[in-house]
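Trainee: I have a structure I would like to understand better, so I am pasting it below and will then ask my questions one at a time.
The values are calculated or read from the model by the stated rules, or taken from the named source; none is laboratory data. It should be emphasised that the depicted structure is a prediction, and the values quoted were computed from it without experimental measurement. No Cβ is skipped: glycine too gets one built from the backbone with ideal geometry, and neighbour counts run over all protein chains shown. With ligands, DNA and RNA removed, areas are computed over all heavy atoms of the protein, side chains included. Shrake-Rupley method; radii C 1.70, N 1.55, O 1.52, S 1.80 Å.
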Amino acid sequence: MRRAAVAVAAGAMAVSLAACGSAKESGDNADSTGSAKKGDDIKVGLLLPENATARYEKFDRVLIEKKVKELTGGKGEVVYANAKQDASTQNQQVDTMVTNKVDVLIVDAVDSKAIAGSVKKAKDAGIPVVAYDRLAEGPIDAYTSFDNVTVGKTQGEALLKALGDKAKDGQIVMMNGSSTDPNAAQFKQGAHEVLDGKVKVGREYDTKEWKPENANANMEGAISALGKDKIVGVYSANDGMAGGIITALKAAGLEDIPVTGQDAELSGVQRIVTGEQYMSVYKPYPQEADVAAEMAVALAQGKSLDSIAKDKVDSPTTKAIPSVLVPVVSLTKDNINDTVIKDGIYTVNEICAGKYKAACDKIGLK
């Protein structure tokens, strides 16, 4: 995966970031009250939420570290911590980074509400905070993520396409993400905007901590409650949960049930190749990571974000946060070559290893 991550980072340099310039360019538009606090010798605190989802350690961390180095001529340092899905641990990690006097924080919150007090501590200490991937509460200075409502809509539209006429008579199960994750609520919102009135939702769950084993247990409960012959599809908010759901479906003897996903994890892509999972949402991590790094470096150096963030979003606690929302792609077996392979996320050999080779050959993935 080191090779793949490097390829991603290299590919990211060629991506034209919508509404984004470099951190150095943003300095040309520094506001009249701002002056660079530091040069390139900065310390960036990076806090990611968990390591069960493959993307955080394999892509987000690697890409942000690389971009910070690039933007600072190799002088910038990234101090990293992973909360392993524990909000209290993440709050302690923020406190430690404040004590160690990092120049800026990039925070992907485990719990968007629980992190608010720690964000305020950082701000009170003069440390700006970039909310990454999830819109944390508190006095956030900048935010980058994907358009999460659009993610849900993309999943819902794909599921309806897969269902076809079955949507009229059957029922689906909705497996949403954790109730502590603001993104999960937006995915759910987008999915409902597409699905409501077009297919009956037989059972719906907010899955604790996004854990595949919890999704598996919920799916077993839905099968028991609705009956095997009533379920025609499953909305799964991400690939990890899709794996648990598909295990439950197989155990019940259910096949050819379209299941959605998100994150384009390797296991999810492989299930798409075999037909066990219908789709995933591919989110171009290189673009998101680059934006976060550019925001962080600019803020640490006391520069304006005007040339980086053209949009504004509101959180429950903070209005008009400078933001960049990155577009997403519906990933199916028909466009694997044009997405995750083209962007260097995975190689054909990685996807088609071992037992997946025959399925890859069948769909022409070589």
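Trainee: Enter the Cα centre distance for the pair the range 292-366 and the range 151-186, rounded to the nearest angstrom.
Mentor: Computed from Cα coordinates, the inter-centre distance equals 21 Å.
Trainee: Based on the alpha-carbon gyration tensor of the range 29-130 and its eigenvalue square roots a ≥ b ≥ c, which shape applies: rounded if a/c is under 1.5, prolate if not and a/b is larger than b/c, or oblate?
Mentor: Taking the square roots of the gyration eigenvalues as a ≥ b ≥ c, the range 29-130 is oblate.
Trainee: Can you spot the aspartates and glutamates whose alpha carbon is less than 16 Å from Lys310's alpha carbon? Ignore those fewer than 8 places along the same chain.
Mentor: Within reach: Glu25, Asp28, Asp31, Asp141, Asp147, Glu288, Asp290, Glu294.
Trainee: Sticking with this structure for a sec: Heavy atoms only, probe 1.4 Å: what % of the accessible area of the chain goes to carbon and sulfur, would you let me know?
Mentor: Carbon and sulfur together cover 48 percent of it.
Trainee: So, by mean Cβ neighbours within 10 angstrom, what's the order for 47-54, 283-290, 317-324, 234-241 with the highest one leading?
Mentor: 234-241, 283-290, 47-54, 317-324
Trainee: While we're looking at this one, here's another question. Quote the relative contact order of the range 261-366 in percent (integer), defining contacts as alpha-carbon pairs under 8 Å separated by 6+ residues.
Mentor: Contact order relative to length: 31 percent.
Trainee: Sorted by average packing, counted as other Cβ atoms within 10 angstrom per residue and highest first, what order do 350-359, 300-309, 260-269 take?
Mentor: With the highest mean Cβ count within 10 Å placed first, the list reads 260-269, 300-309, 350-359.
Trainee: In addition: Restricting to the chain, compute how many DSSP beta bridges are antiparallel as a %, nearest 5.
Mentor: In the chain, approximately 15 percent of DSSP beta bridges are antiparallel ones.
Trainee: Here's something else I'd like to know. Which loop trypsin sites (Lys or Arg not before Pro) in the range 76-138, with loop taken from DSSP, have no more than 16 other Cβ atoms within 10 angstrom of their Cβ?
Mentor: Answer in residue order: Lys84, Lys101, Lys113.
Trainee: If the limit is 23 Å between Cα atoms, which of Lys342/Lys366; Lys161/Lys198; Lys58/Lys362; Lys208/Lys319 go over it?
Mentor: Lys58/Lys362; Lys208/Lys319
Trainee: For Tyr80 and Ala114 in the same chain, what is the full-extension length gain: residue separation times 0.36 nm, less their Cα-Cα distance, in nm?
Mentor: Length gained between Tyr80 and Ala114: 10.3 nm.
Trainee: Additional query: Cut-off under 16 Å on the C-alpha distance; same-chain residues fewer than 8 positions from Lys211 excluded. Which aspartates and glutamates are left, in chain and number order?
Mentor: Output for Lys211: Glu50, Asp86, Asp111, Asp181, Glu220, Asp239, Asp263, Glu265.
Trainee: Taking only protein heavy atoms into account and a 1.4 Å probe, give the accessible area per residue of the range 282-342 in Å².
Mentor: Per residue, the range 282-342 has an accessible area of 36 Å².
Trainee: Take the residue pairs Lys84/Lys200; Lys43/Lys84; Lys303/Lys333; Lys66/Lys303 and return only those whose Cα atoms are more than 32 Å apart.
Mentor: Pairs exceeding the cut-off: Lys84/Lys200; Lys303/Lys333.
Trainee: Please determine, in degrees from 0 to 90 and to the nearest 10, the orientation of helix 148-163 with respect to the longest principal axis defined by the Cα atoms of the chain, where the helix direction is its Cα long axis.
Mentor: 20
Trainee: Add -39500 (n - 2.57) for each DSSP H run of 4 or more in the chain, then divide by its residues: what number comes out at 222 nm, to the nearest 500 deg cm²/dmol?
Mentor: -11500 deg cm²/dmol
Trainee: FRET efficiency for Leu226 and Asp256, Cβ-Cβ distance as r, R0 = 30 Å, nearest 0.05?
Mentor: The calculated FRET efficiency here is 0.95.
Trainee: Contour minus end-to-end for Asp334 and Ala125, with contour as 0.36 nm per residue of separation and end-to-end as the Cα-Cα distance?
Mentor: 70.2 nm
Trainee: Whole number in Å², please: accessible area per residue of the range 134-240, 1.4 Å probe, ligands, DNA and RNA not counted.
Mentor: 39
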